[in-house]
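Read the structure below first, then the notes.
The values are calculated or read from the model by the stated rules, or taken from the named source; none is laboratory data. Keep in mind that what you see is a predicted model, and the values were worked out from it rather than measured. Positions of Cβ are generated from backbone atoms using ideal geometry, with glycine treated the same way; all protein chains shown enter the neighbour counts. Just the protein is used for accessible areas: all its heavy atoms, side chains included, with ligands, DNA and RNA removed. Shrake-Rupley method; radii C 1.70, N 1.55, O 1.52, S 1.80 Å.
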Amino acid sequence: MKRLFFYFSFIFPIFGFAQEAVIDTVYVDPQFQTSRVFSKIKVIKSDEVLRNATSLSDLLSFQTPIYIKENGRGMVSSPSFRGTTAQQTAFVWNGININSQFLGQGDINNISLLGYDNISVKYGGGSVLYGSGAIGGSIHLNNSFGYNKGFQGQLFSEYASYETLNSLLKSSFSNDKFSFQFSLSHNQSKNDYEVEKYYVNRNGAYDNTGVNLGFAYKADDKNEIYSQSQIFDATQNYPLLSEFSTPSKYLSRTFRSLAGWNFKNEKIKNDFKIAYLTDDYQYYLDSNIPNAKTGGSIKQYLTKNDFKYQLNASSEINFLGEIGQVEAKGFNTGISSIKRAQGSAGLLYRNFYSKNFSWELGAKKEYIENVKSPFLFSAAGNFTINNFYSLKLSASKNFRAPTFNDLYWEPGGNKDLKPEKSYQFEISQTVKWKFLQASLSPYYMDIKDMIRWVPGAGGIYHATNTAHVKSYGVEAQLGAEQKFGDFGYRAMLGYAYTNSEDQALKKQLAFVPFHKVNFGADFSYKIVTLHLQTIWNSKIFSDTQSTDKLALDPFYVINVGADVDVIKSLKLGFKVNNLTSEVYRTVVGYYMPKRNYAINMNFNF
């Protein structure tokens, strides 16, 4: 409490400054808007999200170069971003890192997909801004508030194969002082698909419901308050590889709520927020026996402040402060009850020398109770050479803190673990010419002290800092967009090469494909739009020794669909997923569905 009092006493005097200025839009994560100047970022707008409304896994797999490991459609899912592990990708909800405190990663299919203003992918390290796990990159779930837009509403509903239903109700209202938004989403599926001769998805049903509620109030031209909350309930059965296996299931509930105060004048921008987050889960070893379960719960209390001071017309300094506490409890697991204080202090300097050249330097020190956290830094520059060519450079040191399971699980936890550390360098180049845009982004990462669970005496696994991984690769994109009267098109081709090598074994990390290709296109004529999505992955090694016999085959998946604007505000759509009935899997054992169908309605009012 003393630390909190000291922190508040530092924060509140900031609001004493007052000069005339106007706040136009509230971004719940103000740093994300700034980071777009210096970092490679892909923004997926809410209407584009609906192209893959079944799950966040589908969205990331088809619209980004991230490789998604999924234990069957809609089941346990995790990312491999630029050759890193699932724990080295940060999931960020409105500026707050929401990776599991137990596992250190996000289960993608237990994260709400719908109800955001956009879902964005930030490539490369970002620990100075977003903390532990932001090594390969980060996935951002963003909300924002606008004013003077009146009432707006949206109803989306999709019915698909395997008795799948995806629905979204979204509404908002704003005037010159007040902005309100609400969304309700629901996804469910019997998910009983079969891949002849290979696999039957037994016990694969799932359902989840998400509620998002937010408001902002503009007190005057300088001060604004806002709040954003989310509830997400999910039930996920675990597929059985044999009809004789025992059915199991996983129940989770997350609650996230934040409240903020945004202040702005000619010299100062300050964003202060407090947040409360909970994450509860129960795992039923036998779905038919109510008491045959394990579980855990997390409570997180957080206070953050983001203070920017305009030094002169072309430069600013940015202080970042964060303090909080995490409380964890487990039952029938290797963890009982734990509390951990944590916080951080960061400083960034940005110089916008001209509209063609800007640069940034950042430094941060994390404090995590009982963990020796490293000093972090970042440096970036943005060069616009001419209207044709631009260049972004970045270098950073990032980290991942040991999780509660890594430190305290009995048996096997190790309280002496060091955080994982990563050094990264990246060049992102963009060329624009008429209706064409191309980008090329080579990168390099050196990751040390990676935490691994290895077998010890008596065959008991224990956590230790052993692995050293070097990852390098390149991401390339080519896009085009044109409109001729009633006809228009938009297309994007992406390619990613990833070499992620364990330095001890001199082998590619498991579940990291060397090559991935994405292609997406829309073709519209008057009231009809045709759309296409494809992905191709090269051979995927499933073990640490890169054994060919155990590798997963390359696969090529095609989705096609059509939308018709029945009236100005009503759109009807039809989609065929996996058009060629490709037999494929992204992890060992669990196959993905063959050809399947969906119809949808999108009504804006």
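How much FRET efficiency would the formula 1/(1 + (r/R0)^6) give for K149 and K45, where r is the Cβ-Cβ distance and R0 is 22 Å, rounded to 0.05? Step by step, r from the Cβ atoms, then E = 0.85. Applying a threshold of 32 Å to the alpha-carbon distances of K197/K575; K40/K197; K264/K483; K40/K526; K122/K539; K267/K372 flags K40/K197; K264/K483; K40/K526; K267/K372 as lying beyond it. Here's the picture: a label point sits 7 Å out from the Cα of S336 along the beta-carbon direction, and within the stretch 402-436 the residues with their amide nitrogen under 12 Å of it are 410.
Taking label positions 7 Å along the Cα-Cβ direction at both K507 and K329, the computed distance is 4.3 nm, reported to one decimal. In the stretch 30-604, the ratio of gyration radius to Kirkwood radius, Rg to Rh, stands at 0.94 when only Cα atoms are counted. Subtracting the Cα-Cα distance from 0.36 nm times the residue separation, let me have the gained length for V583 to I231 in nm, one decimal. Once the chain is fully extended between V583 and I231, it gains 123.1 nm. Bridgeable lysines around K329 (alpha carbons under 16 Å apart, same-chain partners fewer than 8 residues away excluded): K293, K299, K339. Once you reduce the stretch 525-551 and the stretch 404-436 to the center of their Cα atoms, the two points are 23 Å from each other. Projected label points at A259 and N370, each 7 Å from Cα along the beta carbon direction, are separated by 3.2 nanometres.
Cross-link partners of K170 among lysines, defined as those whose alpha carbon lies under 20 angstrom from its own and excluding same-chain residues fewer than eight positions apart: K45, K149, K568, K571.
Over the stretch 30-604, accessible surface divided per residue gives 42 Å², non-protein components excluded, 1.4 Å probe. Rounded, prolate or oblate: which one fits the stretch 42-200, using the alpha carbon gyration tensor with axes a ≥ b ≥ c (rounded when a/c is under 1.5, else prolate when a/b beats b/c, else oblate)? Oblate is the answer for the stretch 42-200, as a/c is 1.5 or above yet b/c matches or exceeds a/b. Given R0 = 60 Å, the distance between the Cβ atoms of T466 and D565 translates into a calculated FRET efficiency of 0.60. Need one word for the stretch 56-125: rounded, prolate or oblate. Basis is the Cα gyration tensor (sqrt eigenvalues a ≥ b ≥ c); a/c below 1.5 gives rounded, then a/b vs b/c decides. Note, shape of the stretch 56-125 comes out rounded. Measuring r between the beta carbons of L361 and L440 and using R0 = 25 Å, the FRET efficiency lands at 0.50. Remark: the stretch 268-311 projects, on average over all directions, an area of 4.4 nm² (convex hull of Cα atoms). Could you bin all the Cα-Cα distances of the stretch 433-477 into 10 Å bins starting at 0 and give me the percent of pairs in each, rounded to whole numbers? With a bin width of 10 Å, the distribution comes to 21, 26, 21, 16, 10, 5, 1. Model label points for L251 and Y198, set 7 angstrom from Cα along the Cα-to-Cβ axis, are 3.4 nm apart. What shape does the stretch 362-478 have by the C-alpha gyration tensor, where a ≥ b ≥ c are the square roots of the eigenvalues, rounded means a/c under 1.5, and otherwise prolate means a/b greater than b/c and oblate the rest? Prolate. Pairs from the list K69/K418; K448/K516; K222/K273; K364/K448 with a Cα-Cα gap above 23 Å: K69/K418; K448/K516. If you wrap the Cα atoms of the stretch 20-109 in a convex hull and average its projected area over all directions, you get 7.7 nm².
Full extension of the chain segment joining D543 with L241 gains 106.8 nm, where the gain is 0.36 nm per residue of separation less the Cα-Cα distance.
State the percentage of accessible surface on the stretch 30-604 attributable to carbon and sulfur atoms; use a 1.4 Å probe and exclude ligands, DNA and RNA. That share works out to 57 percent.
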